[in-house]
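What follows draws every value from the coordinates through simple rules; no lab data is involved. These numbers come from a predicted model, not from an experiment. Don't worry about glycine lacking a Cβ; one is built from the backbone with ideal geometry, like all the others, and counts go over all protein chains shown.
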Amino acid sequence: MVDALVVGLGNPGKEYARTRHNVGEETIALLVERAAAKLKATRDRALAAEVVLGTRRVLLAFPTTYMNDSGIAVRALMRRHGITEPGDLVVVHDELDLEPGIVRVKLGGGLAGNNGLRSITAHLHTQDYVRVRIGIGKPPSKELGADHVLSRLPLAQRELLDVAVQRAADAVEVILADGPDVAMRQFNGL
């Protein structure tokens, strides 16, 4: 049994590595590295590592489904690890509605067009989980949305997102140690 589940969203496969859409996955990889652990394949369609962050036992996970089916893995992981409260789930994801590099913490709320969040909400029947949102900015037009989230970035933007991933990992650690309200006060005012 674990106290919390932290899931980073993205798409599996090398072709999606380091794209805007995979900043959630990058955050999980950083948290795993900080905990000196390793992600391992699970039968729940995810890579996961059980770690201790502060005083809490936490499962860090990255679904190996595509983003649009993230809820399948999240629901299975929650069941297997005895997570019953939506507030014990933290989802780290990319956010078109935030400027690149901005990190915000949110408890519940809408889906902002994120298909990973839509899948999780559909499978859990609630939106009341904690989110760590990493801004990736909007594409020039709606028609370019898929290209925007799935393409590799120019170096300056990539460096900006690398810093944002560090801040997102810091935000997850504050959420787990002190709760989402403290994390919102600490990260949402910057």
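Just a few scattered comments:
- Measuring r between the beta carbons of Arg57 and Gln127 and using R0 = 25 Å, the FRET efficiency lands at 0.50.
- Entry note, the chain: the mean residue ellipticity at 222 nm calculated from DSSP H runs of n ≥ 4, each adding -39500 (n - 2.57), is -11500 deg cm²/dmol after division by the residues and rounding to the nearest 500.
- Inverting the pair-averaged 1/r between distinct Cα atoms of the stretch 67-119 gives 12.4 Å as its Kirkwood hydrodynamic radius.
- Normalised by 2.2 N^0.38 Å, where N is the number of residues, the C-alpha radius of gyration of the chain stands at 0.93.
- Relative contact order for the stretch 1-151, counting Cα pairs under 8 Å that sit 6 or more residues apart, in percent: 28 percent
- Compared with the direct C-alpha span, the chain from Asn188 to Asn68 gains 40.5 nm at full extension, assuming 0.36 nm per residue.
- Other residues with beta-carbon under 9 Å from the beta-carbon of Gly10 carry, at +1 per Lys or Arg and -1 per Asp or Glu, a net charge of -3.
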